[in-house]
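The values are calculated or read from the model by the stated rules, or taken from the named source; none is laboratory data. Keep in mind that what you see is a predicted model, and the values were worked out from it rather than measured. Cβ coordinates were reconstructed from backbone atoms using ideal geometry, including for glycine residues, and neighbour counts include every protein chain displayed.
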Amino acid sequence: MTLDDSASTELRWWSIPGRFLRQELLPVLTNLRLAIALLLLIALFSISGTVIEQGQSPAFYQANYPEHPALFGFLTWKVIQVVGLDHVYRTWWFLALLILFGTSLTACTFTRQLPALKASRRWKYYEEPRQFQKLALSAELDTGSLNSLNEILQKRRYKIFQENSNILYARKGIVGRIGPIIVHVGIVTILLGGILGAMTGFMAQEMVSSGNTFQVQNIVDAGPWASTKTLKDWSVRVNRFWIDYTPTGGIDQFYSDMSVLNNQGQEVDHKKIFVNQPLRYHGVTFYQTDWGISAVRIQFNNSPIFQLPMASLDTNGKGRLWGSWIPTKPDLSEGVSLIAKDLQGMVLIYDSSGKLVDTVRTGMATKVNGVNLKIVDVIGSTGLQIKSDPGIPMVYSGFAVLMLGTVMSYFSHSQIWALQKGDRLYVGGKTNRAQVAFQQEVLDILDKLSSPSENDNQTNTTESLASNPPL
């Protein structure tokens, strides 16, 4: 084998992947049905991630998605955990769908949209009357001139190309050809932002008593590339938590007054948060999502004030109650139970037999087991959901680009050709959308070219349009 034969064989081997890419892979990637199917699958699983609670404990799913009876006949906690529906947006198959859909859009952009834009930027003059017959809309006039047509088209914001005195080409709305490309860029940017957020973001939950300072530690869900090192550089103090109630006793809104502190304990940010008004600091967002009762402050006779924790009680779904047991004797042989259901200050006192002893409000005292028991305060706790998603700015930018591209796509790309041959003027045009509006525009142009006083000319125009009807 000669050197030339070896080079030729190596060249053929290198050309096999390129040929496979062009002839086998690209047609599949750019297939519209594939893109629609991928989009529907992404939408379906995104909905499932919204409906099914994400990042909860196995016990939560076992309690809410039992095997008997299974939700919809198949959805159980085992299915959720095996498939990964408890963390949909970070599963390998969901990320694979995003990557495949983005690849399909990118391939379509380079193989179809960009060549179509390049073709629309080129122009070709019509030099023979027969060329106008293939246009959707055309007419033959025995009056008018290219100069007058040029003036009319300029007023209608057409871009004019004229090589000599008898040939003209005009177009407008080239931005409509750019629109689909911008739409694809916006969608791909959104997909990249979603992947970035899934891989580098995290979610945490904290229940913090009013007056306490904490660092974000209870992370319940995190991407494989998530970094939490910067969380140690600052902390958050819940200055105060309170609830506004309606006149009927229902919750109107609950609030947390929060401060961000640096390692020296200095306040670097401060905000009062409530539902839909979170605190944002260094890419971490604190949402007000829940509340509870963390402790009760009491005083026996003239003793110092004690703060005792209150725990959430199991009511089988019949409301929320918090309780605590308070000893009334030093040897703990006797005591009472305190029950509270909200932060309005009412506390129920029960003895060891479960009998209601008294009902008091904060600041009031009552006699139990021979001692004077005063309820100084009921301390609330704020439930915070803490999220970090570095992909959000990219997602928002992608949506902005997508909306821009959508608006641009509504512009019609309209083209008009004209040929002056002797005393005959041939005019024709086509557009990619808004056919009826374009037809009316061309008719208005022809009316201005034709003399209104010459009925014969109007008849010729009408007959020409009838012989070449618009789509």
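Structure notes:
- Look at the range 46-66: where a residue is without any contact (Cβ under 8 Å) to a residue 24 or more places away in the chain and a partner is in a loop (DSSP other than H, G, I, E, B) and surrounded by 13 or more Cβ atoms within 10 Å (Cβ to Cβ), sitting 6+ places away or on another chain with Cβ atoms under 6 Å, you get Tyr65/Thr76.
- Top-ranked residue of the range 297-325 - restricted to ones that are of a type in the set (Lys, Arg) and assigned to a loop (DSSP other than H, G, I, E, B), ranked as nearest to Ile251 (Cα to Cα): Arg320
- Flag if Thr366 is under 30 Å from Asp252 (Cβ atoms) and surrounded by fewer than 19 Cβ atoms within 10 Å (Cβ to Cβ): yes
- Lone unmet requirement of (1) surrounded by 16 or more Cβ atoms within 10 Å (Cβ to Cβ); (2) at pLDDT 85 or above for Ala136: (2)
- Residue match in the range 74-90 (condition: basic (Lys, Arg) and either surrounded by 19 or more Cβ atoms within 10 Å (Cβ to Cβ) or not in a helix (DSSP H, G or I) (or both)): yes
- Considering the conditions (1) modelled with pLDDT of 90 or more; (2) within 27 Å of Phe161 (Cα to Cα), Asp447 is excluded by exactly one of them, (1).
- Number of the exception - Ile349 against (1) in contact (Cβ under 8 Å) with a residue 60 or more places away in the chain; (2) over 20 Å from Arg240 (Cα atoms): (1)
- The range 203-255, subset among the hydroxyl-bearing types (Ser, Thr, Tyr) and over 20 Å from His270 (Cβ atoms), residue surrounded by the fewest Cβ atoms within 10 Å (Cβ to Cβ): Thr248
- Long-range neighbours under 9 Å by Cβ, at least six apart or interchain, first residue outside the structural domain of Ile445 (by TED's automatic domain parsing) and more than 30 Å from Gln154 (Cβ to Cβ) within the range 396-417, second part of a strand (DSSP E or B) and at pLDDT 90 or above: none
- Complete set of residues in the range 64-79 that are among the aliphatic types (A, V, I, L, M) and within 30 Å of the chain's Cα centre (by Cα): Leu71, Leu75, Val79
- Output for the range 263-296, where each listed residue is crowded, with 16+ Cβ neighbours inside 10 Å and part of a loop (DSSP other than H, G, I, E, B): Pro278
- Note on the range 347-356: among residues that are at pLDDT below 90 and either in contact with a Ser or Thr (Cβ under 9 Å, 6 or more places away or on another chain) or not assigned by TED's automatic domain parsing to the domain that holds Ile375 (or both), the one that is nearest to Thr315 (Cα to Cα) is Gly354.
- Flag if Glu127 is touching a strand residue (DSSP E or B) at 6+ places or on another chain (Cβ under 7 Å), of a type in the set (Asp, Glu) and loosely packed, with under 15 Cβ neighbours inside 10 Å: yes
- Near pairs, Cβ below 9 angstrom, 6+ apart or cross-chain, from the range 272-290 (among the aromatic types (Phe, Trp, Tyr)) to any residue that is not in a strand (DSSP E or B): Phe286/Val216; Phe286/Pro278; Tyr287/Val275; Tyr287/Asn276; Tyr287/Pro278
- Scanning the range 276-292 for residues that are aliphatic (A, V, I, L, M) and either over 37 Å from the mean Cα position of the chain (by Cα) or under 22 Å from Leu373 (Cα atoms) (or both) turns up nothing.
- Among (1) in contact with a strand residue (DSSP E or B) (Cβ under 7 Å, 6 or more places away or on another chain); (2) part of a loop (DSSP other than H, G, I, E, B); (3) small (Gly, Ala, Ser), the one test that Ser381 misses: (2)
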